[in-house]
Amino acid sequence: MKLLLRVLVSLAVAGVLVVLLARWSGVGVEEVREALGRLTAGCYFAALGVHVAIYVVRAWRFQVLLGAEARGSFVGQLGVTLAYGMAGIVLPAKVGELSYVAYSGRALGVKAGTALAVLVVARVLDLAVLAAGMGVACLVVGGPGWMVPVGVCGVGLGGVLFAAAWHGEWLVKVGVWCSRKLRLDRWRVGARGIEKLERMGAALQIAAQGKRLGQAVVLSVLAWVGVFVFCALLARGLGIGEVGFGEVVFGSGVAMLATLVPVSAFASVGTLETGWVVGFGVVGVSRELALATGAGLHVVQLVNVVALGVVGHLVMGVVGGRRAAGGRTEGR
């Protein structure tokens with residue numbers, strides 16, 4: 001029931017945002033179609049190549065964080081990452097985030113606790129790089145006066161999140177301590193929750209041990225550079241005009257942050273466009289042009305994500321089938 005409520009709320013939010021943006025900017029389907037018409041085949045395939053590279057780097061990061069717990073080939077991990085990417089983006093209310101746990105267990109045989117710990121570390125690293133990158137962009141762009149203190153805060157927040165990824169068990173210990181102080185362990189559900197938190201702390205510590213986290217940080221930076229290059233290619237291809245890379249990092253970064261809202265709608269419709277309009281509006285792009293290019297980019301992104309997600313599910317099917325066949329052979 002709670003899930004259904006979240007989905008309904010997210011769809012309502014999407015509808016309201018789309019209507020408000022269209023009325024505020026005066027942009028309709030025709031303007032978005034014109035923006036997509038400016039996109040050349042060369043620009044699209046360059047962006048597609050970058051998009052594929054982002055998934056490859058993220059799959060590599062999952063393999064690094066799993067370490068000795070990694071199961072199967074890199075191709076299998078790439079298939080899981082592609083399928084998870086589609087679920088995480090397309091499904092409303094962020095309900096697809098945990099699909100990595102289910103997919104990696106089904107196709108690769110990774111334990112749920114381990115997969116969840118790796119996913120948490122990866123997402124914290126994503127937030128850390130995004131915060132630090134936007135902070136640097138604020139300092140470089142040199143727009144309104146408030147961007148400098150915001151930039152400093154962004155870089156600081158990125159540092160805090162990097163530390164949290166390095167010592168994720170600290171966050172778990174704080175959660176357990178608060179739960180016990182609130183005496184949640186008096187109830188069966190609370191006691192089971194605390195037990196799961198404690199197991200999560202151990203798994204997080206293992207995922208971030210040794211050289212793994214350092215390698216994962218480098219891969220996270222590479223993945224986000226790819227995200228911003230993807231946005232820059234499409235923004236210019238769709239006709240946003242001459243904007244610097246720092247402006248693209250800031251504008252698209254605000255859009256990415258908007259999609260993290262827990263009630264974001266199906267495929268982040270409305271939330272991404274709102275963030276794109278706000279972010280690029282700060283750096284001087286008109287709301288009409290920002291909305292047309294942002295919606296066009298969203299269309300291209302969804303086409304890529306769905307196509308690559310289908311490929312991922314096919315790969316998972318093959319890898320999972322081979323794994324099951326191998327298990328039956330060993331059992332004889």
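Can you say whether LEU125 is at pLDDT 85 or above, over 19 Å from GLU247 (Cα atoms) and buried (at least 21 other Cβ atoms within 10 Å of the Cβ), as far as the supplied structure shows? Step through it out loud before you land on a result.
Details: at pLDDT 85 or above: yes; over 19 Å from GLU247 (Cα atoms): yes; buried (at least 21 other Cβ atoms within 10 Å of the Cβ): yes.
Judged against the criteria, LEU125 is a match.
Looking only at region 33-47, decide whether some residue is assigned to a helix (DSSP H, G or I), closer than 30 Å to LEU108 by Cβ and either at pLDDT 95 or above or of a type in the set (Asp, Glu) (or both). Break it down into steps so the answer makes sense when it comes.
Kept after step one, since they are assigned to a helix (DSSP H, G or I), are these residues of region 33-47: 33-37, 41-47.
Subset that is closer than 30 Å to LEU108 by Cβ: 47.
From what's left, either at pLDDT 95 or above or of a type in the set (Asp, Glu) (or both): 47.
Yes, some residue in region 33-47 is assigned to a helix (DSSP H, G or I), closer than 30 Å to LEU108 by Cβ and either at pLDDT 95 or above or of a type in the set (Asp, Glu) (or both).
Return yes when VAL172 is crowded, with 20+ Cβ neighbours inside 10 Å, over 20 Å from ARG61 (Cα atoms) and at pLDDT below 80 and no when it is not.
On the way: crowded, with 20+ Cβ neighbours inside 10 Å: yes; over 20 Å from ARG61 (Cα atoms): yes; at pLDDT below 80: yes.
Answer is yes for this residue.
Looking at GLY96, GLY143, GLY158, which one is more than 20 Å from the chain's Cα centre (by Cα), surrounded by fewer than 22 Cβ atoms within 10 Å (Cβ to Cβ) and either outside any helix (DSSP H, G or I) or modelled with pLDDT of 90 or more (or both)?
Values: GLY96 fails: more than 20 Å from the chain's Cα centre (by Cα); GLY158 fails: more than 20 Å from the chain's Cα centre (by Cα).
Just one listed residue meets the conditions, GLY143.
Would you check which residues across region 285-309 are without any contact (Cβ under 8 Å) to a residue 24 or more places away in the chain and not polar (S, T, N, Q) and list them?
VAL303, ALA307
Could you list, in sequence order, the residues of region 119-146 that are in contact (Cβ under 8 Å) with a residue 24 or more places away in the chain and more than 14 Å from SER220 (Cβ to Cβ)?
Within region 119-146, MET134, VAL136, ALA137, CYS138, VAL140, VAL141, GLY143, PRO144 meet the criteria.
Can you tell me which of (1) within 30 Å of ARG106 (Cβ to Cβ); (2) at pLDDT below 65; (3) touching a helix residue (DSSP H, G or I) at 6+ places or on another chain (Cβ under 9 Å); (4) not small (Gly, Ala, Ser) is the one VAL13 doesn't meet?
The failed condition is (1).
The values are calculated or read from the model by the stated rules, or taken from the named source; none is laboratory data. A quick note: this is a predicted structure, and the numbers were derived from the prediction, not measured. Neighbour counts run over all protein chains shown; Cβ positions are idealised from the backbone, glycine included.
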